[in-house]
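The structure under discussion appears below in the form of structure tokens.
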């Protein structure tokens with residue numbers, strides 16, 4: 001996956017996480033907020049792996 005595309009997906013996931021957090025009154029332990037946070041973490045990890053692989 002191209003870095004630019006992945007960056008766009010990360011930004012979209014971050015915005016969705018923010019919206020969900022507001023929707024659920026800042027409850028970071030709400031299942032929907034946690035689920036979106038995990039999705040964002042996976043995208044960030046994927047981005048970091050791609051960046052690290054490009055260094056070598």
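Bear in mind that the values in this text are calculations on the coordinates, not laboratory data. Keep in mind it's a predicted model, so treat the numbers as computed, not measured.
Observations on the structure shown:
- Value of relative contact order over the chain, rounded to a whole percent, pairs C-alpha under 8 Å and six or more apart: 42 percent
- The chain: C-alpha gyration tensor shape, a/c 1.5 cut-off, then a/b vs b/c: prolate
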